[in-house]
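Undergrad: For reference, the structure I am asking about is given below.
The values are calculated or read from the model by the stated rules, or taken from the named source; none is laboratory data. Since we're looking at a predicted model, the values are computed, not measured. Neighbour counts run over all protein chains shown; Cβ positions are idealised from the backbone, glycine included. Heavy atoms of the whole protein, side chains included, go into the accessibility calculation; ligands, DNA and RNA do not. Shrake-Rupley method; radii C 1.70, N 1.55, O 1.52, S 1.80 Å.
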Amino acid sequence: MAYHTITDRAIGRNVTPTLQNIVNGNIIVGYSDKRSVVDALMQDLKEGGIAKNWNERERVLALQALKTLGRATEGCDSIFAEEGIRTLMYHSGLNRATEAGIDRAGSKEALKCLANALLLKPTTRPYFERLDGHGQCSLLLKRSQLSNESQFLFCRILFLVTIDAASIVQRLLDDYHAVDGVGEVLKTQLARSPDGTMFTQSMVLSEALKYLFNLMIVDPKCARSSDAGLTEAEKAEATGKRFQSLLPTIVSILTTIPPSIPNPLEPPHSHAIHVLLNFPISTSALLVTRSQQASLLTVLMQILDDTLRYSLSTDEEASTDGMSNGTELDEIVPPLVIVLTNIASAGGEAKAALKARLLPDDVDRSQPLEKGNTFSARLIRRMTSIRFPQIRETVSQLLYIVCDEDAALLTRHVGYGNAAGFLMNRNLGMPASMQGGGGREEEEEENENENEEEVEELPSPTSGPSSSARQARRFSSASAVNPITGAYYPDPSAIRTAMADMTEEEKEEEAGKLLDMFDKLRRTGVMEVRNPALEAGLRQRERDRYYEEQERREREDEDDGDD
């Protein structure tokens, strides 16, 4: 029997079997009957309706049936009307007349119906605002004894109604002190033991942090007389101060709750990181102690390392799926990197700690710096990523900041080959030390050249060998590290051994590849280079002329001595 055809619905036992069958799915309500059934349920449940004659269990069944039917919007217009929202608020405890019923089974079912309606039909949100539902939710959220389920549902509803809603956010913050409400949820969840329900600590914290993120992101758009004339940066600073009391709790969420493995960037950690993005550096520095900051940095760097290790665990990006639990890595990793960049921008001990972990000085240079399975190698690989452009840009910026925004220092730590794209995109160009025009190596070389000129003016029998020794010393020190890869140049003896096993044809083929590569670098403007074979020949001729001149002078001196 269809619900709306039951004659005496005021008697609870008459409707119980039908409602139970709807909830259990034993009755499929067709489209032709759905509107009539939903209208009858809403009529019975409204304030003063026949549901007042039912017991708690029968009202819960009616609300569960309404929730089941309301999952699809067709035929549910009476749920999404203003009177429907009023009815659901009445049973949820958001009506002052029924506030005593908060946290009971009927209240929770009505809150679920409300959350579904606000999600499926955004047009219901103005009704909810007009009935002051957001204010009541914010006030009730301050009750520390609320169950996990009720906290979750209140936060879910508040998250939905604060999406790009400046007027609601302003009232929540200024009139209902929403910061206190969300802070109460965060603190109680950190201190509360599991209650055995499906609404876990992670679920409640995630929903509260999503709601908090909405408050912080919309707050600067609120039209307050006190904020008139403020710049965007000043508004952001004011927002940070408005929420500053929550910062230590958010840090505690990140440092005390173990991240999930193998995808550590999952809720609630991902949502906590999003919230941290909205705190200006100056505000953050005021409220986080040195030990808290050290713990936070350790956790954030470990999360980043684990994410890169487990989700991008190989050198070849093509062999990874680039996904983390169904979410594109290029979306979930950058917020974390930006938070680390913001912390590094503040300088001080935090920046030094970041540099020591991200780009240590005692790195293995036996291979190109992007190779290997170290944290720094994984980061450097991301600097040239084609598949993940957002990760590439944010990681490059982070490493640039920890290198004091010094292109030469960045190049030394990551190799110019990995930094070239980032530097060119920011019109930073090639570091002077790479161009051979202003770097420390060139200054040393100029000093060596001056010494050689003095030797030519004052010839000595030992001038040739000493000059050769200086040249050998200069060449060996300048060529110790390949500036492109950041790795040591191969041992010449090893190269000779390898070349000894090559045929003449193989040697010519490798030489041709090398010449083509240098020619391509020159044509594309990546580096101003000349043909290395031509360059080597010119240098050899210069050395030959120098030693010939030395020998000529020595013979003249000997001839003069014989005379």
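Undergrad: Any residue in the stretch 355-380 that is at positive phi sitting within a Cβ distance under 8 Å of a residue that is open to solvent by 30 Å² or more (accessible area, probe 1.4 Å)? List the pairs, counting only those 6 or more apart or interchain.
TA: Filtered contacts from the stretch 355-380: Gly372/Asp364.
Undergrad: Does Glu129 qualify as being surrounded by fewer than 20 Cβ atoms within 10 Å (Cβ to Cβ), in a helix (DSSP H, G or I) and in contact (Cβ under 8 Å) with a residue 24 or more places away in the chain?
TA: So Glu129 passes the test.
Undergrad: If Glu47 satisfies every condition in (1) at pLDDT below 90; (2) open to solvent by 10 Å² or more (accessible area, probe 1.4 Å); (3) within 22 Å of Ala117 (Cβ to Cβ) but one, which is the exception?
TA: (1)
Undergrad: Now for a separate question. Can you pull out the residues in the stretch 172-184 that are in contact with a Ser or Thr (Cβ under 9 Å, 6 or more places away or on another chain) and assigned to a helix (DSSP H, G or I)?
TA: Leu172, Ala178, Val179, Asp180, Gly181, Val182, Gly183, Glu184, listed by residue number.
Undergrad: Now, a different point. List the helices (runs of 4 or more DSSP H) that sit entirely inside the stretch 191-260 and contain at least 1 residues that are more than 23 Å from Phe159 (Cβ to Cβ).
TA: Qualifying helices (runs of 4 or more DSSP H): 232-242, 247-256.
Undergrad: Output the qualifying pairs, or none if there are none: Cβ atoms under 6 angstrom, residues six or more apart or on different chains, first residue in the stretch 538-553 and of a type outside the set (Phe, Trp, Tyr), second residue open to solvent by less than 100 Å² (accessible area, probe 1.4 Å).
TA: Close Cβ pairs (under 6 Å, with a partner that is open to solvent by less than 100 Å² (accessible area, probe 1.4 Å)) amount to Gln550/Gly464; Arg553/Pro459.
Undergrad: Right, something else. Filter the stretch 502-559 for residues that are at pLDDT 75 or above and aromatic (Phe, Trp, Tyr); which is surrounded by the fewest Cβ atoms within 10 Å (Cβ to Cβ)?
TA: Checked the stretch 502-559; the qualifying residue surrounded by the fewest Cβ atoms within 10 Å (Cβ to Cβ) is Tyr547.
Undergrad: Thr87: closer than 19 Å to Leu119 by Cα, open to solvent by less than 40 Å² (accessible area, probe 1.4 Å) and in a helix (DSSP H, G or I), yes or no?
TA: It is true that Thr87 is closer than 19 Å to Leu119 by Cα, open to solvent by less than 40 Å² (accessible area, probe 1.4 Å) and in a helix (DSSP H, G or I).
Undergrad: Which members of the stretch 167-192 meet the condition of being open to solvent by less than 60 Å² (accessible area, probe 1.4 Å) and closer than 18 Å to Gly133 by Cα?
TA: Ile168, Val169, Gln170, Leu172, Leu173, Tyr176, Ala178, Val179, Gly181, Val182
Undergrad: Which of the residues that make up the stretch 272-286 are more than 13 Å from the chain's Cα centre (by Cα), modelled with pLDDT of 60 or more and β-branched (Val, Ile, Thr)?
TA: The one that is more than 13 Å from the chain's Cα centre (by Cα), modelled with pLDDT of 60 or more and β-branched (Val, Ile, Thr): Ile281.
Undergrad: Of these, Asp164, Asp195, which one is under 28 Å from the mean Cα position of the chain (by Cα) and open to solvent by 20 Å² or more (accessible area, probe 1.4 Å)?
TA: Asp164
Undergrad: Does Gly106 qualify as being of a type in the set (Gly, Ala, Ser), part of a helix (DSSP H, G or I) and modelled with pLDDT of 95 or more?
TA: No, not satisfied.
Undergrad: Looking at Val395, Val339, which one is of a type in the set (Val, Ile, Thr), closer than 26 Å to Tyr310 by Cβ and touching a residue at least 60 places away in the same chain (Cβ under 8 Å)?
TA: Answer to the selection: Val339.
Undergrad: Filter the stretch 341-371 for residues that are assigned to a loop (DSSP other than H, G, I, E, B) and among the polar types (S, T, N, Q); which is least open to solvent (accessible area, probe 1.4 Å)?
TA: Gln367
Undergrad: Being buried (at least 16 other Cβ atoms within 10 Å of the Cβ), in a loop (DSSP other than H, G, I, E, B) and not small (Gly, Ala, Ser) is the filter; apply it to the stretch 50-78 and report the residue that is nearest to the chain's Cα centre (by Cα).
TA: Taking the candidates together, the pick is Cys76.
Undergrad: Being modelled with pLDDT of 80 or more, surrounded by fewer than 20 Cβ atoms within 10 Å (Cβ to Cβ) and of a type in the set (A, V, I, L, M, F, W, C) narrows it down to one of Ile380, Ile332, Ile338, so name that one.
TA: Criteria check complete, one pass: Ile338.
Undergrad: Give me the residue from the stretch 383-417 that is in a helix (DSSP H, G or I) and in contact with an Asp or Glu (Cβ under 6 Å, 6 or more places away or on another chain) and, out of that set, nearest to Ala352 (Cα to Cα).
TA: Only one residue fits best here, namely Ile391.
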